[in-house]
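Chemist: Pasting a structure below so you can have a look.
Throughout, read-outs are computed from the coordinates displayed, never taken from laboratory work. Model, not experiment: these values are computed from the prediction. So basically every Cβ, Gly included, is an ideal-geometry build from the backbone, and we count neighbours across all protein chains shown.
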Amino acid sequence: MKRFTLPNTDIEAPNVILGLMRIQDKTDDEVRELVRTARDAGIDFVDHADVYGNDLHGCERRFAEAMQLTASDRDAITIQTKAGIVGDGPYFDFSYEHLIESVNGSLDALQTDRIDILLLHRPDALVEPEEVARAFDELETAGKVRAFGVSNHTPRQIDLLKRFVRQPIVANQVQLSITHSPVVSQGVAANMLGEQQSVTLDGGGIVDYCRLHDITLQAWSPFQAGFFTGVFLGSPEYPELNAVIDRLAAQYDVPPIAIATAWITRHPAQMQVVLGTTSPERVAGAALGSDLPLTRAEWYELFRAAGHLVP
């Protein structure tokens, strides 16, 4: 498992993360097996959000109840969670009051005294960055949150926060897979008149911006074909892509899911892949792509087979 220190933190992390948004209805044994399989593969970083589960903080609570972490167990893992989505309205809320309430709820549900990384979960169009800064300062001073980041934010949205927030923005979690990769593909076709791929949809180059500002990109839905449209692995809608994936999987003696993981981890931006599966087998298979050395030719072959333009 490839590891690195998240820039502007003292957190040593793997480049594959275990996402736990689907564990609400899993038994204690199933949760423990999932986490144990991830740990055996070198994944000691878990991703949560307050809205994951059947009720508020549901998956965070399910994780804590199943794992019953001791102090040493807790010290051995990195816990990341998110705040800012309000499911029944007002939908998004980055106010001081909501962020403080959400973090306190997460701490209680997770049965821990600290969150290692807190992400602002999807942009709040009504954000008042001064309020975010006030919340971050209080949470950091109280020792409740060690580091801060965002999710699904554009460069300009991050710049607005950074004008007031004094803590480094250490991560930006965005949707990214071989087939759903506008944050990567736009730059490949930049300045090509009439090509939809060349249109800037992310506010000015998320990947380059994050590399320039030492912000770690985290890829969610790494095996989804599009925006919650099902996986591309084994899908009859992507025959050419799966043919390439299967050939490379046989060549490297790994399961296909490892190749899909490697396409992301191969990128020099040093991204993290967020696994959303609850299958221990798929977690173990995906982890094999952590440091799989795809060549440039193989990376671009996968990219073109997914339907992207390579001029």
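Chemist: If you check every pair at least six apart or on different chains, which have Cβ atoms under 8 Å apart with a residue in region 119-134 that is in contact (Cβ under 8 Å) with a residue 24 or more places away in the chain first and a residue that is of a type in the set (Lys, Arg) and surrounded by fewer than 18 Cβ atoms within 10 Å (Cβ to Cβ) second?
Modeler: Hits for this filter: Pro129/Arg163; Ala133/Arg166.
Chemist: Give Ala249, Ala262, Ala225 a once-over and let me know the one that is under 16 Å from Pro14 (Cβ atoms) and either within 17 Å of the chain's Cα centre (by Cα) or not aromatic (Phe, Trp, Tyr) (or both).
Modeler: That would be Ala262, the only listed residue that is under 16 Å from Pro14 (Cβ atoms) and either within 17 Å of the chain's Cα centre (by Cα) or not aromatic (Phe, Trp, Tyr) (or both).
Chemist: Filtering region 10-32 down to residues that are part of a loop (DSSP other than H, G, I, E, B) and under 17 Å from the mean Cα position of the chain (by Cα), which residue is surrounded by the most Cβ atoms within 10 Å (Cβ to Cβ)?
Modeler: For region 10-32, the residue satisfying everything is Leu20.
Chemist: Checking the structure you have, find out if any residue of region 296-303 is touching a Pro at 6+ places or on another chain (Cβ under 9 Å), farther than 22 Å from Leu18 by Cα, surrounded by 14 or more Cβ atoms within 10 Å (Cβ to Cβ) and not aromatic (Phe, Trp, Tyr).
Modeler: no
Chemist: Yes or no: Ser72 within 30 Å of Glu33 (Cα to Cα) and among the polar types (S, T, N, Q)?
Modeler: So Ser72 fits the description; yes.
Chemist: Any residue in region 75-97 that is touching a helix residue (DSSP H, G or I) at 6+ places or on another chain (Cβ under 6 Å) and under 25 Å from Ala286 (Cα atoms)?
Modeler: Kept after step one, since they are touching a helix residue (DSSP H, G or I) at 6+ places or on another chain (Cβ under 6 Å), are these residues of region 75-97: 81, 83, 94-96.
Checking which are under 25 Å from Ala286 (Cα atoms) leaves us with 81.
Yes, some residue in region 75-97 is touching a helix residue (DSSP H, G or I) at 6+ places or on another chain (Cβ under 6 Å) and under 25 Å from Ala286 (Cα atoms).
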